[in-house]
Amino acid sequence: MAKSHTRWRRAKKILTGLFFIAVVVLLVVYASKVNWNDVWTVFRDYNRRVMAGAVGLVIVSYLLYGCYDLLARLYCGHRLAKRQVMLVSFICYAFNLTLSTWVGGIGMRYRLYSRLGLPGSTITRIFSLSIATNWLGYIVLGGVIFTFGMVQLPDHWYVDESTLRMLGVALLLTITLYLWFCAFATHRHLTIKGQKLVLPSWTFALTQMTISSLNWMVMGAIIWLLLGQSVNYFFVLGVLLVSSIAGVIVHIPAGIGVLEAVFIALLAGEQTSQGTIIAALLAWRALYYFIPLLLALCCYLVLESRAKKLRAKNEKAMAK
């Protein structure tokens, strides 16, 4: 028994070391793909009021995303302090955006929440609810925007407008079905690989949709602001939604190249030049990806250094 415990501790240390190495490698690879001179030029040329407004919206978006894990806290019934939950959520979101869901959404969540004293089953439920909340907002907005034809697609593109409208209708039907199940389903438990998931109430589901929809709308507002407000806001939001699902399909960390390609294909024209779009997206990446990632890395190191004390404190609080 003692030998197996020692082996497990040794294996755990090795896995932790490999995880840290993987994070560092991914950061280096990601940073090497960025033209930092272009980023600096864009920042230097932007209007200060526009930049201040964009920074404020970035903060609002990260706070809204933190509410996903606060909803999960209510859903799971765990008693970690709200400030700890918000901090973990911020770190995971920043890493998730840049280094993929496997590193940020899953790896970081399991690492940090387990260090703070939560069991694996609870962390799985937190992750599942967070992912569900994020995509519920997408489905609501995508359903409305695609159904009503707010995104004008160029000729001979990958999909035509009628296909996009049908997709929008399908998304609205999906969200309606989800709400119906939350309100009227009698069997509310689902077990997947030993993990028990409980269908939330319809009011909880509406809260998920509202917070997530607001977050997606704020993200769209940041890009719209950086584009100089020269394009219809809902068109910009729709293009963001299209590019986001394209990024998931292509599965490139931070969607490098995918976001730019979709925005240029759908927005470049008489009203918006290609240079304006690239400048706006460079500023978007810097404000929404790079700077938060650096802050998250610092917060991660601080949280790791204090994890033992915080865990002991949390265990005392949970024992009461």
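The values are calculated or read from the model by the stated rules, or taken from the named source; none is laboratory data. Keep in mind the model is a prediction, meaning the values are calculated, not measured. Neighbour counts run over all protein chains shown; Cβ positions are idealised from the backbone, glycine included. Just so you know, the surface numbers come from the protein's heavy atoms only, side chains and all, with ligands and any DNA or RNA stripped out. Shrake-Rupley method; radii C 1.70, N 1.55, O 1.52, S 1.80 Å.
If you consider only alpha-carbon coordinates, what radius of gyration and Dmax does segment 41-139 have, in Å?
Rg, Dmax (Cα atoms, Å): 15.3, 49.
Please sort by residue number the chymotrypsin sites (Phe, Trp or Tyr not before Pro) in segment 124-166 whose DSSP state is loop and whose Cβ has at most 15 other Cβ atoms within 10 Å.
In loop regions of segment 124-166 (DSSP not H, G, I, E or B), the sparsely surrounded chymotrypsin sites (Phe, Trp or Tyr not before Pro) are 148, 157, 158.
I'd like the accessible area for residue 75, computed on protein heavy atoms only with a 1.4 Å probe and all protein chains in place. Round to 10 Å², please.
Around 40 Å² of this residue is reachable by solvent.
Can you put 284, 224, 180 in order of accessible area, largest first, using a 1.4 Å probe?
These residues rank, largest area first, as 180, 224, 284.
List the residues whose amide H sits under 5 Å from the amide H of residue 197, counting only those 5 or more places along or on another chain, with H placed 1.01 Å from N in the peptide plane.
When sequence neighbours closer than 5 places are left aside, the close amide H contacts are 190, 191, 192.
Sort 130, 114, 305 by heavy-atom solvent-accessible area, probe 1.4 angstrom, most to least.
These residues rank, largest area first, as 305, 114, 130.
Using only Cα atoms, locate the centre of segment 157-183 and the centre of segment 86-107, then give the distance between them in Å, rounded to an integer.
28 Å
Heavy atoms of the protein only, probe of 1.4 Å, neighbouring chains included. What is the accessible area of residue 166 in Å², nearest 10?
For residue 166, the solvent-accessible surface is approximately 120 Å².
Compute the length gained on full extension between residue 60 and residue 170: take 0.36 nm times their separation in residues and subtract their Cα-Cα distance, giving the result in nm to one decimal.
Here the answer is 36.6 nm.
Go through segment 161-244 and name the trypsin sites (Lys or Arg not before Pro) that are in a DSSP coil and have 14 or fewer other Cβ atoms within 10 Å of their Cβ.
Passing both the DSSP loop test and the Cβ count: 188, 193.
So what does residue 62 come to for accessible area, using a 1.4 Å probe and Å² rounded to 10?
So the heavy atoms of residue 62 present about 20 Å² to solvent.
Counting only protein chains, not ligands or nucleic acids, how are 311, 49 ordered by accessible area (probe 1.4 Å), most first?
Most to least solvent-accessible, the answer reads 49, 311.
Roughly how many nanometres apart are two label points built 7 Å out from the Cα toward the Cβ at residue 264 and residue 316?
5.8 nm
Taking 7 Å along the Cα-to-C-beta vector as the label spot, tell me the residue 203-residue 274 distance in nanometres, rounded to one decimal.
Each label point lies 7 Å from its Cα, and together they span 5.4 nm.
Using the Cα atoms of segment 94-233 to build a convex hull, what is its mean projected area in square nanometres?
Result: 11.0 nm².
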